[in-house]
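The values are calculated or read from the model by the stated rules, or taken from the named source; none is laboratory data. Fair warning: this is a prediction, and the values are worked out from it, not measured in the lab. FYI the Cβ positions are ideal-geometry reconstructions off the backbone, even for glycines, and counts take in every protein chain you see. With ligands, DNA and RNA removed, areas are computed over all heavy atoms of the protein, side chains included. Shrake-Rupley method; radii C 1.70, N 1.55, O 1.52, S 1.80 Å.
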Amino acid sequence: KPVLDADRNTYAERFVLACRQKGVNAVAITDHHDLAFFPYIKAAANNEVDDNGQPIIDSQKLVVFPGIELTLSNPPCQALLILDSNFPEDQLLRVLHKLSIEPNPISEPSTIQTVPIPSEVVNGLRDLYLKLDSIDILKGKYIILPHTGRGHKGILRRDFYEHYVKMPCVSGYLDGVIPDDQGLKNIINGKDRNYGFRSIAVFQTSDNRKDTFEDLGTATTWVKWATPTAEALRQASLAKESRLSLQEPSLPQIFISKISVTNSKFLGRV
């Protein structure tokens with residue numbers, strides 16, 4: 001657990017290199033109620049060089065989303081808050097303060113013990129959106145992904161039907177590969193009456209907790225976007241059949257390279 005800036009920068013450089021080697025093109029840095037490591041990873045991605053010491057071109061740099069892993073009291077579950085990849089770093093603490101989260105000092109090696117956000121602060125997922133939207137610079141710049149598991153931190157636990165049906169979220173996440181659980185698949189694909197026939201997108205995630213990076217990229221999701229924003233993730237979630245994939249997509253071998261319009265009343269010849 002590096003503490004000094006130099007050691008954290010070294011770790012961040014190794015992290016970015018591991019992403020490059022594993023073919024991971026985008027990550028979200030989502031520590032529990034903490035944002036301390038995001039600036040180090042973001043800086044390492046911006047300053048990455050290739051094997052010849054040449055800067056990586058902007059279009060091929062690792063995309064780094066800032067985020068927070070939230071533990072809520074109402075509903076009692078976990079959720080990922082992910083912000084635009086270019087969200088101003090000097091505004092990040094406003095998000096924590098709005099949720100009454102006091103992070104550990106940045107000089108500490110670990111985050112403090114996670115205390116669920118009380119219902120007096122966030123009374124449900126809809127209220128979470130209202131709280132975040134009250135931050136002027138944040139509105140439209142974030143997405144909420146509740147944990148869509150059936151365990152102690154998931155939104156799909158028994159008797160949680162109403163939370164799932166009424167939540168404003170259009171997507172969720174799971175630690176690891178989505179299991180071969182037909183009941184779970186029926187829920188997230190909108191085929192379960194108890195859950196309002198509501199379909200959502202689910203992101204597979206690989207939670208990197210080891211210095212060896214062995215878990216990094218073991219469970220991934222492919223997303224089609226134009227720019228790396230929270231809105232792009234939301235739009236991809238709404239069109240999950242065509243813009244999200246849990247398997248590496250194959251690029252088409254046949255594509256349109258030219259269109260010629262020879263007789264158009266309003267375009268003329270194009």
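Find out how many positive minus negative residues lie around residue 166, taking Lys and Arg as positive, Asp and Glu as negative, among other residues whose Cβ is under 11 Å from that of residue 166.
Here the count lands on +1.
Given a cut-off of under 8 Å on Cα pairs at least six residues apart, what relative contact order in percent is computed for the chain? Can you show the working numbers first?
Working: 432 pairs, mean separation 38.5, N = 270.
Here the relative contact order equals 14 percent.
For the range 161-175, take each phi angle, set θ = phi - 60°, evaluate the Karplus expression 6.51 cos²θ - 1.76 cosθ + 1.60, and give the result in whole Hz per residue in order, putting x for glycine and proline.
3, 5, 4, 5, 5, 8, 5, x, 6, 9, 7, x, 9, 9, 6
Out of these labelled values of semi-axes √(5λ) of the Cα gyration tensor in Å, [x] 33, 22, 19; [y] 38, 20, 16; [z] 31, 28, 19, which was calculated from the coordinates shown here?
Checked against the structure: label [z].
Can you tell me which of 204, 91, 253 moves the most in a GNM of the chain? Springs connect C-alpha atoms under 10 Å apart.
253
Net charge near residue 30: determine it from the other residues with C-beta under 10 Å of the C-beta of residue 30, scoring Lys and Arg +1 and Asp and Glu -1. If you can, show how the numbers build up before the last one.
Working: positive: none; negative: 31, 34, 69, 207.
Summing Lys and Arg as +1 and Asp and Glu as -1 gives -4.
Mean separation of Cα pairs under 8 Å and 6+ residues apart, divided by the residue count of the range 48-118: what relative contact order is that in percent?
Numbers: 61 pairs, mean separation 19.2, N = 71.
In percent, rounded to a whole number, it is 27.
Looking at the chain, what % of its DSSP beta bridges pair antiparallel, to the nearest 5?
Working: 16 of 30 bridges.
Counting DSSP beta bridges with both partners in the chain, the antiparallel share is about 55 percent.
Add +1 for every Lys or Arg and -1 for every Asp or Glu among the other residues with Cβ under 15 Å from the Cβ of residue 1, and state the total.
Values: positive: 8, 14, 209, 210; negative: 5, 7, 31, 34, 108, 211.
Neighbour charge sum, excluding residue 1 itself: -2.
Report, for the range 77-216, the % of DSSP beta bridges that are antiparallel, rounded to 5. Could the numbers behind the result be given before it?
On the way: 7 of 13 bridges.
DSSP beta bridges in the range 77-216 are roughly 55 percent antiparallel.
Return a whole-number percent for the relative contact order of the range 1-110, with Cα pairs under 8 Å and 6 or more residues apart as the contact set. Write down the numbers at each step before the final one.
On the way: 138 pairs, mean separation 31.8, N = 110.
Computed value for the range 1-110: 29 percent relative contact order.
I'd like to know which of 104, 47, 63 lies farthest towards the positive end of the charge dipole of the range 11-108, counting +1 on Cβ of Lys and Arg and -1 on Cβ of Asp and Glu.
It is 63, whose Cα lies furthest towards the positive end.
Can you pull the one-decimal nm distance between simple spin-label points at residue 245 and residue 120, each 7 Å off the Cα toward Cβ?
5.0 nm
To the nearest Å, what is the center-to-center distance of the range 233-270 and the range 31-64, using C-alpha atoms only?
30 Å
In whole percent, how big is the carbon plus sulfur part of the accessible area of the chain, probe 1.4 Å, protein atoms only?
Values: 7950 of 15630 Å².
Ligands and nucleic acids excluded, carbon and sulfur give 51 percent.
What is the Cα centroid distance between the range 82-129 and the range 153-225, reported in whole angstrom?
Cα centroid of the range 82-129 versus Cα centroid of the range 153-225: 22 Å apart.
Report the antiparallel proportion of the DSSP beta bridges in the range 153-255 as a percent, rounded to a multiple of 5. Intermediate results must be reported in sequence, preceding the final value.
Values: 4 of 9 bridges.
Antiparallel bridges: around 45 percent, rounded to the nearest 5.
So what J values fall out for the range 147-154 if you push phi through Karplus, 6.51 cos²θ - 1.76 cosθ + 1.60 with θ = phi - 60°, rounded to Hz, Gly and Pro as x?
6, 9, x, 9, x, 5, 10, x
³J(HN,Hα) across the range 132-139 via Karplus (A = 6.51, B = -1.76, C = 1.60, θ = phi - 60°), whole Hz, x for Gly/Pro?
In residue order, the calculated couplings are 5, 5, 6, 8, 3, 6, 9, 4 Hz.
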